[in-house]
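J.: Take a look at this one; I'll ask things after.
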Amino acid sequence: MRKISRVLALVMCVILMAGLCACGSDTTGTTTAAEAGGTAAGETSAALDEKHDPVTLRFMWWGGDERAEATLKAIEAFEAKYDWITIEPEYGSSDGYQEKLTTQLSSGNAADIIQMGPGWLPGYVKSNDNYFIDFNDYADRIDLTTFESSFLEQNGNIGGKQYGLPTGISGYSFIYNKTLADKAGILFPDSKEEMNWDTLIELGKQLQAYDSSAYLVDIGDSELAACIMRPYLLQLTGSTMVVDATAELGFTEEELVQCLTYIKDLYDNKVIPPLADIAAYSSGDSLQTDPKWISGETYVGMFLSSSTAEVATAACPDCEFAAGYMPVMSSAKNDGFYANCPQYMCVSKSSEHIEEAVMFLDYFYNSEEAAEILTTVRSVPPTSVGQSVCAKLGKLEGIAKDTVDILQASYHGTNEMGMTTEEEYGQILRDMISQIAYGQGTPEEVAKNGITLMQNFLDSKN
Amino acid sequence: MEKVKVKRWRKRDCMGLVYVAPWLAGFLLLQLYPFLASLYYSFCQYNVMASPEWVGLKNYITLFTVDTDFKKSFMVTLVYTLYTVPGKLIMSLLVALLLNKNMKGINLIRTVFYIPSLFGGSVAVALLWKLMFMDDGVINAVLGFLHLPAIQWLGNPGVALKTICMLEIWQFGSSMVMFLAALKQVPASLYEAAQIDGADKWKCFFRITLPQITPIIFFNMIMQTINALQAYTSAAVITNGGPVKATYLLGIKLYKEAFQNYKMGYASTISWVIFAVIMAVTLLLFKSSSGWVYYEDGGEF
């Protein structure tokens, strides 16, 4: 018996070496997708039968209970398959996650596999391009052909290097409580063309006439910045808020005033609730924990990332929800909204077991078993494997998928990444919005002060 | 010429150093080094991931001339200190006076009043406070029960800071224990003499009790002021500095600059400014103390 397994191992080793030679002989230096996929599969079966020293990997992510449970199960299934690899999970809420990650990266003890906020990656790579591996270098260990190549290029790819792999397809979207909307006689447009920024105000007024304690959109300062201010300015100017190449603002003071005036109109016409009403729920994506949202009688709609759509609709089980269209101005130079991804997976370059970490991610993204366990806990899966498994399980139905469908079909705005997604810049936007919300200054005054702070931020980056 | 005898180091002398070595190592590594390093960083641009880059006084200039948040934050901290320090002193003195009485079960009552301070600075209590003072929290429910209008304790910029001050004032236990000890030290003979002369309770309190416990008032005032100027936890957990930065204490600004914006140099600058303010306030308080603090031994030890 023992002899047989030795012979088998030897045969496998020969196959493995042959595989490596095939890659090495590629004179152009680039591995084609088919070869990479084939090699990854060959490697895996060989790896299974080899004798290995035990390897321990750390995997760090944030998210709710559902995601944690599914991820832990996937880890278990992986460990059962590759018994020499142990994965230590490190998970919790998103609160303080980035602070922890930065400290760990700078002190060189980051986890091997890291869930990453898309907005943070450019900053990290800019300070040190040796924090994370380029997945293209490990195409023999992970099959990247199951991703749509343009999606990979737009997500996690910086300067041609694939530092992050998108965990799913999502984006800022709009959902509404159809039960309440029908009761109040509110008809949301069913095409992108009919939905503009004034539509929101008109519908909001209509709702106020029906019930003066109801608001059309439940929205806090973070979502106002992400789903109103950024898209509005993107549509108005056609440029991202900061042009990273020149470190200049992509809009003028007048344009910012116009945007802030629109936000003021939303408050003045009671389309959105006063910030004071939702202050206790507005930090950390928790608007759906507001009893007024749960009751389903105060707020009709909500702007959110489609990855939280399931959670938000589950909060009010008695209501029927639908995905709506996001507003676009008639002369828009850019759609303003777009499908991107909620997080990336990265592998730390300082990891002692990069290959095993990549192997885990190959399992995580490309194995049917993992796809069945993970389903949509990180939104609609980005790989063909994940999508077909979820479709078979009937998991690709529901509000999250509806929002993604609308995004993919109709909105192709510019994915803003870089300086504008850094925390300090985002804070300036949120501060401007809360000043408007609390009436502390006219749009002109707030814009002037805001631009000074943004300029100060940009200067500190040079 | 006489030979000067140089004292040789003996084993005995070295032993002393060995004994204090654990403390010395801790002090040098965990206190003196960070202290000096932060002074150096305050003149640098330092984002943790790259090595610090010397920029001279730039951070200080930005802080005082460009950063409008700093002024706001400074004012919020000042108001917070002006509310919490007197509030805590008065509250703890009142409770101490109450607990100084001889009644049944006094030890239990003293313990109960001290409990909030055991939780001092804890995140759990701050979260509890947040839940209690939410729009649909228990406090507004009680107000509603009494037919009083509900108050936006956390959402209204004019009220939020006061809500947080209340939490701080509620944690009066440590000052109270010290006041209680001081009250016990006041010689009973003074009160007896005053009573014979016909002084009422108020006179006794203002003429005997207060002057006798001024050293403890002074001590508590200094400690509480230092604490208040460095406050962070409650405001960070309950309102995260909001709404509209109404509770944006210097401690929160310091944390955000350091761990969210990764401007360690700038954060060090802020911490040195806070240090300077605390130093100045403490010196001023000490200067003023000779006028109002009464020491039985004339202040000489």
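J.: Give the accessible surface of the range B:115-214 per residue, rounded to a whole number of Å², with probe radius 1.4 Å and ligands, DNA and RNA excluded.
T.: Per-residue accessible area for the range B:115-214 comes out at 56 Å².
J.: How large is the dipole of chain B about the Cα centre if only Lys and Arg carry +1 and Asp and Glu carry -1, each at its Cβ, rounded to the nearest 20 debye?
T.: Once rounded to the nearest 20, the dipole reads 800 debye.
J.: Taking a probe of 1.4 Å, how large is the accessible area per residue of the range B:1-94, in Å²? Can you show the working numbers first?
T.: On the way: 7060 Å² over 94 residues.
Per-residue accessible area for the range B:1-94 comes out at 75 Å².
J.: While we're here: Between the chain alone and the structure with every protein chain in place, find the residues of the range B:63-93 that drop at least 30 Å² of accessible area; heavy atoms, 1.4 Å probe.
T.: Relative to the lone chain, where solvent access is computed with a 1.4 Å probe, the range B:63-93 loses at least 30 Å² at B:V66, B:T68.
J.: Taking the DSSP beta bridges in chain A as the whole, what percent of them are antiparallel, to the nearest 5?
T.: In chain A, DSSP labels about 65 percent of beta bridges as antiparallel.
J.: Give, in whole angstrom and from largest to smallest, the semi-axes √(5λ) of the equivalent ellipsoid of the range B:93-138, with λ running over the eigenvalues of the Cα gyration tensor.
T.: Working from the Cα gyration tensor, I get semi-axes of 28, 12, 9 Å.
J.: Only helices at least 18 Å long along their own axis, judged from Cα atoms, and with Kyte-Doolittle mean hydropathy of 1.0 or greater: name those in chain A from DSSP H.
T.: A:2-24
J.: In addition: Report the dimensions of the range B:178-265 along its three principal axes from the alpha-carbon atoms, largest first, rounded to Å.
T.: Principal-axis extents of the Cα atoms in the range B:178-265, largest first: 67, 25, 16 Å.
J.: Could you work out the relative contact order of chain B? I mean the mean sequence separation of Cα pairs under 8 Å and 6+ apart, divided by the number of residues, in percent.
T.: Relative contact order of chain B: 28 percent.
J.: Can you give me the long-range amide H partners of A:L57? Hydrogens built in the peptide plane at 1.01 Å from N, cutoff under 5 Å, separation of 5 or more residues or another chain.
T.: When sequence neighbours closer than 5 places are left aside, the close amide H contacts are A:T86, A:I87, A:E88.
J.: Contact order normalised by length for chain A, with contacts defined as Cα pairs under 8 Å and 6 or more residues apart; what percent is it?
T.: Result for chain A is 23 percent.
J.: For the range B:23-37, just list the computed ³J(HN,Hα) in residue order, Karplus coefficients 6.51, -1.76 and 1.60, θ = phi - 60°, integers in Hz, with x standing in for Gly and Pro.
T.: Values per residue, Gly and Pro as x: 5, 4, 4, x, 5, 5, 7, 9, 10, 5, 4, x, 4, 6, 4 Hz.
J.: Of A:A209, A:T442, A:P118, which is farthest on the positive side of the dipole of chain A, counting Cα position, with +1 on Lys and Arg Cβ, -1 on Asp and Glu Cβ, and the Cα centre as origin?
T.: Highest projection toward the positive end goes to A:P118.
J.: Take the eigenvalues of the Cα gyration tensor for chain A, scale each by 5, and report the square roots as semi-axes in whole Å, largest first.
T.: They are 44, 25, 19 Å, listed largest first.
J.: Sticking with this structure for a sec: Kindly sort B:F286, B:F218, B:F259 by accessible area of their heavy atoms, largest first, with the probe set to 1.4 Å. Could the numbers behind the result be given before it?
T.: Details: B:F286 115, B:F218 10, B:F259 75 Å².
Highest to lowest solvent-accessible surface, that is B:F286, B:F259, B:F218.
J.: In the range A:106-150, which residues give up 20 Å² or more of accessible area once the other protein chains are added, compared with their chain alone (1.4 Å probe)?
T.: Residues losing area: A:S106, A:S127, A:Y131.
J.: Which value, in Å², gives the accessible area per residue of the range A:171-228 when a 1.4 Å probe is used on the protein heavy atoms?
T.: 40 Å²
J.: State, as an integer percentage, the relative contact order of the range B:177-294 based on alpha-carbon contacts under 8 Å between residues 6 or more apart. Provide the component values of the computation, followed by the final result.
T.: Details: 74 pairs, mean separation 30.1, N = 118.
Across the range B:177-294, relative contact order equals 26 percent.
J.: In what order, largest first, do B:E257, A:E79, A:E368 sit by accessible area if the probe radius is 1.4 Å?
T.: Order by accessible area, largest first: A:E368, A:E79, B:E257.
J.: For A:S170, which sequence-distant residues (separation of 5 or more, or a different chain) have an amide H within less than 5 Å of its own amide H, given hydrogens modelled in the peptide plane?
T.: Correct list: A:N340, A:C341.
J.: Return the FRET efficiency for the residue pair A:E99, B:W292: r is the Cβ-Cβ distance, R0 is 35 Å, and the value is rounded to the nearest 0.05.
T.: FRET efficiency, A:E99 to B:W292: 0.20.
J.: In the protein assembly as shown, what percent of the accessible surface is made up of carbon and sulfur (1.4 Å probe, ligands and nucleic acids excluded)?
T.: It is 59 percent, rounded to a whole number.
J.: So how strong a dipole does the range A:274-430 carry about its Cα centre when Lys and Arg Cβ are +1 and Asp and Glu Cβ are -1, to the nearest 20 debye?
T.: The dipole of the range A:274-430 has a size of about 340 debye.
J.: Taking the Cα centre of chain A as origin, work out the dipole magnitude from +1 charges on Lys and Arg Cβ and -1 charges on Asp and Glu Cβ, in debye rounded to 20. Provide the component values of the computation, followed by the final result.
T.: On the way: 29 positive and 67 negative charges, 106 e Å.
That gives chain A a dipole magnitude of about 520 debye.
J.: Rounded to whole Hz and in sequence order, give me ³J(HN,Hα) for the range A:373-380 from the Karplus expression 6.51 cos²θ - 1.76 cosθ + 1.60, θ = phi - 60°, writing x for Gly and Pro.
T.: Whole-Hz 3J(HN,Hα) from phi for the range A:373-380: 6, 7, 5, 10, 5, 10, 6, 4.
J.: What list of ³J(HN,Hα) values in whole Hz, one per residue of the range A:312-318 in order, does the Karplus curve 6.51 cos²θ - 1.76 cosθ + 1.60 (θ = phi - 60°) give from phi, with Gly and Pro shown as x?
T.: Each residue of the range A:312-318 in turn: 5, 7, 5, 5, 10, x, 7 Hz.
J.: So how much accessible surface do B and A hide from each other in total, probe 1.4 Å, in square angstrom to the nearest 100?
T.: 2300 Å²
The values are calculated or read from the model by the stated rules, or taken from the named source; none is laboratory data. Values in this document were obtained by computation on a predicted structure and should not be read as measured data. Don't worry about glycine lacking a Cβ; one is built from the backbone with ideal geometry, like all the others, and counts go over all protein chains shown. Each accessible area value is taken on the protein alone, full model and side chains, heavy atoms only, with ligands, DNA and RNA left out. Shrake-Rupley method; radii C 1.70, N 1.55, O 1.52, S 1.80 Å.
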